[in-house]
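Read the structure below first, then the notes.
The values are calculated or read from the model by the stated rules, or taken from the named source; none is laboratory data. It should be emphasised that the depicted structure is a prediction, and the values quoted were computed from it without experimental measurement. In this analysis, Cβ positions are derived from the backbone assuming ideal geometry, glycine residues included, and neighbour counts consider all displayed protein chains. Note: areas computed on protein heavy atoms with side chains; ligands, DNA, RNA excluded. Shrake-Rupley method; radii C 1.70, N 1.55, O 1.52, S 1.80 Å.
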Amino acid sequence: MTPTRRRRRLAVLSITAVLAAVLAPTATGLVTLDVTVDGTPIRDGGSITVTEDPELGVDVGGDESIESVTIRVDGETRASFEPNTTALSERLTLDLTDGNHTVSVAVAPGNRTLTATVRKDSTGPIVTVTSPFESAVAAPTGQVAIDHGAATLAADLDDPSGVREVRIERVYEWRFGGQSRRSVETYRIENPGDNVSQPILFGHHRNELRIEAVDVHGQRRTYDVVVWVIDEDRPRIALDRVERSGGRLRVAGTVSDGTKVDSLSYRVGRSAQRTYVLNPTSPEPTRSRVDADFEFTARVGDDAAAVTVVATDVVGNTLLWAVPLDYRGSAAPTMTVDESATRAREGGVEVVGSVVGGWVTTVVVESVDAEGAVVDAVTVYDGAATDDVQVRDRVGAARGATTVVIRAVDVSGESHRASVTLGASTPTETPVASSPTGTPTRTPTVEATPVTTMPDDGGPTTRGRGSLPTALAAVGILGGLLLGGLTRRR
């Protein structure tokens, strides 16, 4: 190749290179964006949980000058920088409320953006008690009242990160034999999810309850509450077997109480002598005395018509049940409203009827209006199990047609009713029973419910109906107890 041709070729190559340089598009410099939350790197679309206001770290680098870096929380700009350099490193604390937040960092030029979720969880779990009492939002006293000691403590749990453990402690103090005693029961429930349900036994009168919930970060919330047990219900007796063989009567069953059975005894006929089957005990919460099986054999003479079983709880509520020697279980009672004798008169209704057969403990007369609302109610009988109650009473009348209802509760706790409607025309009787009447086909197991006082040891029986040794200052403190709730401590 001649020197002239070589020079021409080099000139062409030089022109081509210059044109390529002029016409080629300008490449955008590479931008790097690194974001950390409390020192932990986070990626686009990622999430992280913190327990306090976090420190956000932003590091940006590039081949050309960085025009702006904008930090937003839930769409709101929290910080903006215009470094006009090729690198930026910033640290700032984000002021966040508890909950989920969308945090984004945007860089220009290059439209580089990183978006992540930051969840702030700065407190322990929230505990909302649903049973045997309900949490109160405003709880000035931190006290609640329940009507039974054997209960199930149920609560809902709320925490953004999850609950690791719930700890429940019940403290009960009492005096017995002239000395002070103390009982502490502690329950631990791990990984409970969003609710707990724990059977717990409170003692009669005052109990201290502490509920502590801990989340997965170790944050805890503690609730202290005083639980008063105001038990006005008498014990219940369910008989499984009543067998007579000559001069002996064998009785077996179960005695139950919502708080604790103190004692169970019996006496034969009109005798004042009582024989204990379960001896009196202390108020200490004891599950074996909430439902206790019993069995005894009594010597009975020809002059004895019944064996009276006496059950008393630790509050002083007493149940007396005269069990006939020929007891064969309970049949549904026969309910009758005397149509001819029941009539409206002078703004009221005179009710005549009867409840016979079976064994009932309570009989109530009601007047009901056309919409089904109770206008008036009168308790005709509330006492020892009986198979004969004659109804002669008066209740208020409704405007227009009045339906008179006689209700009876048998010893097994079942309710029965009969009714008659009084209007402009002749009353029409419409007896209804919640269970079939007729021949006694019920199984021998029945329950005895509250009864009236019967003579005991030659004199009237004195028994409590929820009366307490200290009386709780009676109605005054009870008003505060029923309105009380939980005192929360963080």
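Values as computed for the structure displayed
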read-out: Matching residues, the range 305-327, being open to solvent by 10 Å² or more (accessible area, probe 1.4 Å), under 30 Å from residue 281 (Cα atoms) and free of Cβ contacts under 8 Å to residues at least 60 places away in the same chain; value: 306, 324
read-out: Residue 378 vs. criteria of a type in the set (A, V, I, L, M, F, W, C), assigned by the TED database to the domain that holds residue 398, farther than 29 Å from residue 258 by Cα and open to solvent by 20 Å² or more (accessible area, probe 1.4 Å); value: no
read-out: Wholly within the range 157-265, strands (runs of 3 or more DSSP E) carrying at least 2 residues that are out of contact with any Leu (no Cβ under 9 Å at 6 or more places or on another chain) and of a type in the set (A, V, I, L, M); value: 179-190, 236-245
read-out: Residue check for residue 116: touching a residue at least 40 places away in the same chain (Cβ under 8 Å), among the hydrophobic types (A, V, I, L, M, F, W, C), farther than 30 Å from residue 209 by Cα and in contact with a strand residue (DSSP E or B) (Cβ under 6 Å, 6 or more places away or on another chain); value: yes
read-out: Tally of residues being open to solvent by 80 Å² or more (accessible area, probe 1.4 Å) and in contact with a Leu (Cβ under 7 Å, 6 or more places away or on another chain) across the range 42-54; value: 1
read-out: Residue match in the range 1-13 (condition: among the hydrophobic types (A, V, I, L, M, F, W, C), at pLDDT 50 or above and either open to solvent by less than 50 Å² (accessible area, probe 1.4 Å) or not assigned by the TED database to the domain that holds residue 216 (or both)); value: yes
read-out: Within the range 138-196, considering residues that are among the polar types (S, T, N, Q) and under 21 Å from the mean Cα position of the chain (by Cα), the one most open to solvent (accessible area, probe 1.4 Å); value: 191
read-out: Candidates 102, 115, filtered to the one that is within 30 Å of residue 54 (Cα to Cα) and open to solvent by 60 Å² or more (accessible area, probe 1.4 Å); value: 102
read-out: Hits in the range 343-369 (condition: under 23 Å from residue 411 (Cα atoms), of a type outside the set (A, V, I, L, M) and at pLDDT 85 or above); value: 353, 354, 361, 362, 366
read-out: Contacts under 9 angstrom Cβ, first residue in the range 222-244 being over 15 Å from residue 255 (Cα atoms) and among the basic types (Lys, Arg), partner open to solvent by 20 Å² or more (accessible area, probe 1.4 Å) and at pLDDT below 90, 6 or more apart; value: 244/326
read-out: From 31, 69, 37, 73, residue being surrounded by 14 or more Cβ atoms within 10 Å (Cβ to Cβ) and touching a Phe, Trp or Tyr at 6+ places or on another chain (Cβ under 6 Å); value: 69
read-out: So residue 411, is it buried (at least 19 other Cβ atoms within 10 Å of the Cβ), at pLDDT 90 or above and under 22 Å from residue 358 (Cα atoms); value: no
read-out: Contacts under 9 angstrom Cβ, first residue in the range 328-353 being under 15 Å from residue 421 (Cβ atoms), partner in a loop (DSSP other than H, G, I, E, B) and open to solvent by 70 Å² or more (accessible area, probe 1.4 Å), 6 or more apart; value: 339/426
read-out: Some residue of the range 89-99 being outside any strand (DSSP E or B), touching a Ser or Thr at 6+ places or on another chain (Cβ under 9 Å) and under 30 Å from residue 188 (Cβ atoms); value: yes
read-out: The one condition in (1) buried (at least 18 other Cβ atoms within 10 Å of the Cβ); (2) farther than 11 Å from residue 108 by Cβ; (3) among the small types (Gly, Ala, Ser) that residue 79 fails to fulfil; value: (1)
read-out: All positions within the range 88-113 that are polar (S, T, N, Q) and either in contact (Cβ under 8 Å) with a residue 12 or more places away in the chain or outside the structural domain of residue 74 (by the TED database) (or both); value: 89, 93, 97, 100, 102, 104, 113
